[in-house]
Amino acid sequence: MSSSSSASSRLTNRRSVYGVPSRCWCGRNLVTYAAQTKDNPFRRFYRCAVALQRQTEEHLFKWIEEALVDETIMVERKHLSLVDEVKELRGKMVEKLELEERMIRKMVDERVKEELEEVKAKMKEEMMMAAETLQKMAREMAKTSMQKVGITLLVVGTIACICGKLMG
Ligand SMILES: [Zn+2]
């Protein structure tokens, strides 16, 4: 009865420790021992020095090869989670780079559009100035030709007048 309860408590203790233990629950350092039972001859385990003398107390017990298996599983899990982390990081970086690229492209597009608008505005201004100059020139030419017509009329009139005087 007492041996079965101690065995079950040992089993739960064993289960509650995962990986290679560094210290016993009582705070003492662990030592490795070899079992001398018929079931587990020379099988090595972790135990603190006190536990061997105080069999009824709860002290850490862990088979070494079980601890090593735990450790291997832990390392494997860590490795897998690292691989996941790297994948996630890579995904995030790609996402960020794509976003930056899109932003840069948008900025370039906007700048190009702005420059185009500026060039268009400048061209419009220059064309309007040219049109104004042409209009001014046309007006000047018209004025000059009117003056010429006027002068011609004046000349013609004067000649007519002189002719009339001479004739008369
Ligand atoms: Zn202990």
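The values are calculated or read from the model by the stated rules, or taken from the named source; none is laboratory data. Since the structure is predicted, the reported quantities are computational estimates derived from the model, not experimental observations. Note that each Cβ is placed from the backbone with ideal geometry, even for glycine, and that neighbours are counted across all protein chains shown.
Of note:
- Counting only residues that are in a helix (DSSP H, G or I) and either polar (S, T, N, Q) or on the phi > 0 side of the Ramachandran plot (or both), region 52-95 holds 3 of them.
- Subset of region 39-65 (residues that are more than 10 Å from the ligand (Cβ to nearest atom) and over 57 Å from the mean Cα position of the chain (by Cα)): ASP39, PRO41, GLN53, GLN55, THR56
- Being surrounded by 10 or more Cβ atoms within 10 Å (Cβ to Cβ), acidic (Asp, Glu), at pLDDT below 95 and in a helix (DSSP H, G or I) is a property that does not hold for GLU98.
- Scanning region 19-37 for residues that are surrounded by 15 or more Cβ atoms within 10 Å (Cβ to Cβ) and assigned to a strand (DSSP E or B) yields LEU30, TYR33.
- Qualifying positions in region 66-77 - out of contact with any Pro (no Cβ under 9 Å at 6 or more places or on another chain) and either within 14 Å of the ligand (Cβ to nearest atom) or among the aliphatic types (A, V, I, L, M) (or both): LEU68, VAL69, ILE73, MET74, VAL75
- Qualifying residue in region 68-88 (condition: touching a residue at least 40 places away in the same chain (Cβ under 8 Å), surrounded by 10 or more Cβ atoms within 10 Å (Cβ to Cβ), in contact with a Lys or Arg (Cβ under 9 Å, 6 or more places away or on another chain) and closer than 30 Å to GLY19 by Cα): yes
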